[in-house]
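No lab work stands behind these numbers, since they all come straight from the coordinates. In this text, all values refer to a predicted model and were calculated from it rather than measured experimentally. As a convention, Cβ positions derive from the backbone with ideal geometry for all residues, glycine included, and neighbour counts pool all protein chains shown.
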Amino acid sequence: MNPPTNSRSMADEMLDALFRLLGVWRVELVLLGVPTGLGLWLYVRLGMFPAVVAVVAFVTTVLCVGPLRRFLGRLVHRASVRRHLEAAFHALPGVLSEKRPRIVKITRTAFGDRVDLVLWRGTSIDDLVKAEGVLAASLGVRQVRCMANPAKRNLVSLTITRHDPFDESALRFPLLDVKRTSLWEAVPVGVNEEGEIVTLSLPERNVLLGGEPGAGKSVALSLLVVAAALDPEVDLWLFDGKVVELSAWSACARVFVGHDVQLAITALEELTAEMDDRYDELLRRNLRKVTRAEGLRLHIVVIDELALYVAGTDKKSAQRFAELLRGLVTRGRAAGIIVLAATQKPSTDIVPSTLRDLFGFRWALRCATRDASDTVLGAGWASEGFSASNLNSARRGVGLLLHEGGVPVQLRTFHLTDEHVRVLVARAHELRGH
């Protein structure tokens with residue numbers, strides 16, 4: 001007589017559950033099975049005492065050899081992350097529970113883990129973004145963030161943050177210990193969620209910074225000014241709408257302009273004429289652009305409170321300034337001219353889109369709304385999970401930087417005090433022989 005169908009189904013379910021359990025704990029079972037199997041084999045061959053001695057010696061060797069111990073520790077850690085993450089996916093409601101993302105790679109970071117996933121057909125990054133809070137609660141961690149690969153939408157990087165990466169009260173700026181810099185080298189600007197230093201390469205790039213008052217724009221801008229000032233082969237053109245933010249560097253600058261828009265226009269006209277002369281020089285040398293080997297000086301244009309110059313009460317002057325600046329941003333890259341501009345919200349009613357959209361690198365500090373964040377970073381990033389409106393307003397200097405990688409990176413800027421600035425200004429002043 002055949003057994004009842006429901007009995008067979010129950011047995012199948014129990015067998016499936018057993019196989020799933022063995023699969024989930026496979027790494028730990030293998031690590032436990034190797035010394036156990038070795039002990040049993042020696043026990044049968046040689047007896048109890050040699051078997052115990054051999055197993056103890058084997059385990060002691062594994063624990064005492066640093067590289068081997070760390071390797072096994074990484075295996076166990078990755079297995080644990082995989083097990084907990086698969087359980088968290090299984091508990092999610094909706095389509096993700098049935099079509100769970102496939103875990104491809106797990107990398108341990110300073111503050112958690114980064115997991116590379118492949119999404120199945122019928123699922124999207126939007127499903128994962130909506131489930132970030134549930135996943136974080138299921139894993140018992142501080143935060144879970146999902147980022148899609150811009151080239152392949154089915155590839156997702158999931159960042160698990162166990163400890164606050166920005167918990168340090170102040171991050172020491174590495175250039176405080178440097179006597180001289182070269183702006184041809186990448187500038188350290190902060191620390192990302194994985195505890196790694198984030199750098200910014202400025203040659204042939206222009207940077208737009210935005211964020212609400214008190215978010216840390218001026219400090220972020222000052223980090224780049226420090227790198228430029230400590231390179232005596234760089235000319236600084238400083239435009240400070242508030243006068244007080246960049247005034248400390250005026251002695252190191254070729255040009256320093258406050259809130260006088262007419263003086264600012266005159267300075268940009270001078271730099272535009274110099275840019276034209278630079279292109280004539282490149283033509284004579286049969287060069288397409290300024291390179292480090294040619295020995296031509298870089299020009300750094302730093303504008304704090306851009307809105308003052310391009311959205312002032314004198315519309316004609318504002319339009320002229322915007323026109324000159326647009327010419328520098330458009331044509332200046334190959335001539336060795338780099339523009340760094342900061343403003344609260346570069347919306348089209350303040351900064352013309354024909355100017356704003358020319359900035360290749362974007363840096364969004366804390367913003368009040370998703371739309372304001374997209375105004376800085378570019379339309380659509382908030383819907384991808386990158387919104388500076390989600391940043392903790394109590395953490396000054398935390399922002400999203402869109403640069404070489406093509407995907408915004410969350411970071412906290414290094415700290416600069418007034419005393420730090422005084423020391424660095426004196427060092428730059430001495431280097432430049434002023």
| query | Magnitude of the Cβ-charge dipole of the chain, K/R +1 and D/E -1, about the Cα centre, nearest 20 debye? | reply | 1520 debye
| Inter-probe distance in nm under a simple model that places probes 7 Å from Cα toward Cβ, at LEU287 and ARG153 | 4.4 nm
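If you average the sequence gap of Cα pairs under 8 Å that are 6 or more apart and divide by the length of the chain, what percent do you get for the contact order?
Relative contact order of the chain: 15 percent.
Of the cross-linked pairs LYS152/LYS345; LYS130/LYS345; LYS289/LYS316; LYS242/LYS315; LYS289/LYS315; LYS99/LYS130, which ones have a Cα-Cα span greater than 25 Å in the structure shown?
Pairs exceeding the cut-off: LYS152/LYS345; LYS130/LYS345; LYS289/LYS316; LYS289/LYS315.
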| request: Specify the residue with the greatest mean-square fluctuation among ALA229, ALA170, ALA335, computed from a Gaussian network of the chain linking alpha-carbon atoms under 10 Å apart. | output: ALA170
| Expressed as a rounded percentage, what relative contact order does the stretch 174-432 have, with Cα pairs under 8 Å and six or more residues apart? | 27 percent
| Ranked list, fewest to most other Cβ atoms within 10 Å of each Cβ, for HIS403, HIS163 | HIS163, HIS403
| Quick one: Karplus J couplings for the stretch 295-310, per residue in order, coefficients 6.51, -1.76, 1.60, θ = phi - 60°, nearest Hz, x for Gly and Pro? | x, 7, 6, 8, 10, 10, 9, 10, 10, 9, 6, 4, 4, 4, 8, 10
| note | For ASN206, the residues 5 or more places away or on another chain with a placed amide H closer than 5 Å to its own amide H are GLY360, PHE361
| Cα centroid separation, the stretch 100-142 to the stretch 189-263 (Å) | 36 Å
| field | the stretch 281-434: antiparallel DSSP beta bridges as a percent of all, rounded to 5 | value | 55 percent
| field | the stretch 111-125 - phi-based ³J(HN,Hα) in whole Hz, Karplus 6.51/-1.76/1.60, Gly and Pro as x | value | 10, x, 9, 10, 10, 8, 10, 10, 8, 7, 4, x, 10, 8, 4
| query | Do the sum for the chain: with -39,500 (n - 2.57) for every DSSP H run of n ≥ 4, divided by all residues, what is the mean residue ellipticity at 222 nm, to the nearest 500 deg cm²/dmol? | reply | -13500 deg cm²/dmol
| query | Under a 5 Å amide H to amide H cut-off, with H placed in plane at 1.01 Å, what residues pair with GLU193 once short-range neighbours are removed? | reply | GLN410
| said: Whole-Hz ³J(HN,Hα) for each residue in the stretch 347-364, computed from phi via Karplus 6.51 cos²θ - 1.76 cosθ + 1.60 with θ = phi - 60°, x for glycine and proline: what do you get? | reply: 6, 5, 6, 10, 10, x, 4, 5, 8, 4, 6, 7, 6, x, 9, 10, 9, 9
| said: I want to verify a result. In a Gaussian network model of the chain, Cα cutoff 10 Å, which of these has the top mean-square fluctuation: LEU176, LEU68, LEU308? | reply: LEU68
| With Cβ to Cβ distances under 15 Å as the rule, what net charge do the other residues near THR107 carry (K, R +1; D, E -1)? | +4
| query | Rounded to the nearest 5, what is the percent of antiparallel bridges among the DSSP beta bridges in the chain? | reply | 60 percent
| request: Could you check which residue among PRO352, PRO232, PRO150 shows the biggest mean-square fluctuation in a GNM of the chain with a 10 Å Cα cutoff? | output: PRO150
